[in-house]
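None of the figures in this text is laboratory data; all of them are computed from the coordinates on show. Fair warning: this is a prediction, and the values are worked out from it, not measured in the lab. FYI the Cβ positions are ideal-geometry reconstructions off the backbone, even for glycines, and counts take in every protein chain you see.
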Amino acid sequence: MATSDERRTVANRYDSPEVWREVDTYFNDALLTEDEALKVARESSVDTTLPHAEVAPNQAAFLALLVQTAGARRVLEFGTLAGYSTIWLARAVGTSGRVVTLEKSSQNAMIARRNFERADVSDQIDLQLGTATELAEQLIANQVEPFDFVFIDADKPNNPNYLAAALKLTKPGSLIVIDNVVRNGAVINAESGDDRVEGVRTVTEDVANNPELEAVALQTVGVKGWDGVIIARRR
Ligand code: DHB
Ligand code: MG
């Protein structure tokens with residue numbers, strides 16, 4: 001029988017971020033195919049304003065699976081970065097679909113556009129450069145066709161503004177996914193003083209208080225550490 005010390009050793013190994021990464025590698029090797037264009041796009045995040053902030057490969061594949069399951073044709077993304085998730089979303093909507101992605105940094109936008117070309121998805125993507133709140137206001141003013149799927153993955157303090165915009169740009173049945181809502185558990189700290197945590201907590205309350213939304217939060221561990229998403233659906 002294992003001694004309590006041995007049990008603690010075992011527990012420590014399986015609780016560790018190293019094992020989270022190994023498990024991601026195990027399943028990704030088995031289940032996930034990344035072509036060269038996706039691999040280059042993912043690695044090019046090191047040249048952006050937020051290196052390594054792109055979603056993990058299996059998280060991107062999950063978003064693509066949600067888009068396909070929902071039969072989504074029109075996708076809106078807040079925060080392009082190097083366009084790694086954007087490429088997955090564009091491939092998920094297919095050649096008859098469209099992804100509108102909003103990015104503040106011209107440096108990131110330039111990198112993303114090269115990645116879209118390499119991945120052969122430029123025709124499906126409308127990358128708009130500017131402040132996401134203002135760009136979303138323009139979409140609302142222009143009364144664009146509602147989006148079926150929204151991925152909120154930009155600056156976290158503005159999450160509540162992005163949700164408010166998303167609600168004006170979607171329709172009943174649309175899905176809204178919000179990234180990075182767990183933040184190593186910091187989300188439960190009401191006095192964190194971190195405006196990104198406050199952005200997550202406020203948007204969580206906004207989702208909770210909106211009778212038009214049903215939602216779940218899911219924690220994730222893996223190559224990106226410990227984080228999570230809110231997945232909300234408009235009734
Ligand atoms: C940060 C943002 C992200 O969207 C992410 O996935 C990871 C980190 C950040 O602002 O640090
Ligand atoms: Mg993110």
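Among the GluC sites (Glu not before Pro) found in region 133-226, those both in a DSSP coil and sparsely packed, with 10 or fewer other Cβ atoms within 10 Å of their Cβ, are 191. Convex hull of alpha carbon positions in region 32-83: directionally averaged projected area 3.9 nm². Beta bridges from DSSP with both residues in the chain: antiparallel share about 45 percent, rounded to the nearest 5.
Sequentially through region 221-235, phi angles give Karplus couplings (6.51, -1.76, 1.60; θ = phi - 60°) of 10, x, 4, 9, x, 10, 7, x, 10, 9, 10, 10, 10, 7, 5 Hz, Gly and Pro residues having no value and appearing as x.
Each residue, residue 34 and residue 194, gets one label point 7 Å from its Cα in the Cβ direction; the gap between the two is 2.4 nm. Across 30, 56, 186, mean-square fluctuation computed from a Gaussian network of the chain (C-alpha pairs under 10 Å connected) peaks at 30.
Helical content of the chain, expressed as a calculated mean residue ellipticity at 222 nm, amounts to -14000 deg cm²/dmol (DSSP H runs of 4 or more residues, -39,500 (n - 2.57) each, divided by residue number, nearest 500). Count the net charge of all other residues whose Cβ sits under 13 Å from the Cβ of residue 70, scoring Lys and Arg as +1 and Asp and Glu as -1. Residues near residue 70 contribute +4 overall. The Cα atoms of the chain define a convex hull whose projected area, averaged across directions, is 14.7 nm².
Inter-label distance, residue 126 to residue 233: 2.7 nm, where each label sits 7 Å from its Cα along the C-beta direction.
Principal semi-axes of the equivalent ellipsoid, √(5λ) from the alpha carbon gyration tensor of region 1-134, are 34, 17, 13 Å from largest down. If r is the Cβ-Cβ distance from residue 215 to residue 50 and R0 is 30 Å, what FRET efficiency results, to the nearest 0.05? It comes to 0.70. Here the gap between residue 25 and residue 171, fully extended at 0.36 nm per residue and compared with their Cα-Cα distance, gives a gain of 48.9 nm.
You can think of it this way: the chain between residue 68 and residue 12 has 16.4 nm of extra reach, that is 0.36 nm per residue less the Cα-Cα gap. Among 226, 116, 149, which residue has its Cα furthest toward the positive end of the charge dipole of the chain, with +1 on Lys/Arg Cβ and -1 on Asp/Glu Cβ? It is 149. Taking label positions 7 Å along the Cα-Cβ direction at both residue 145 and residue 184, the computed distance is 4.4 nm, reported to one decimal.
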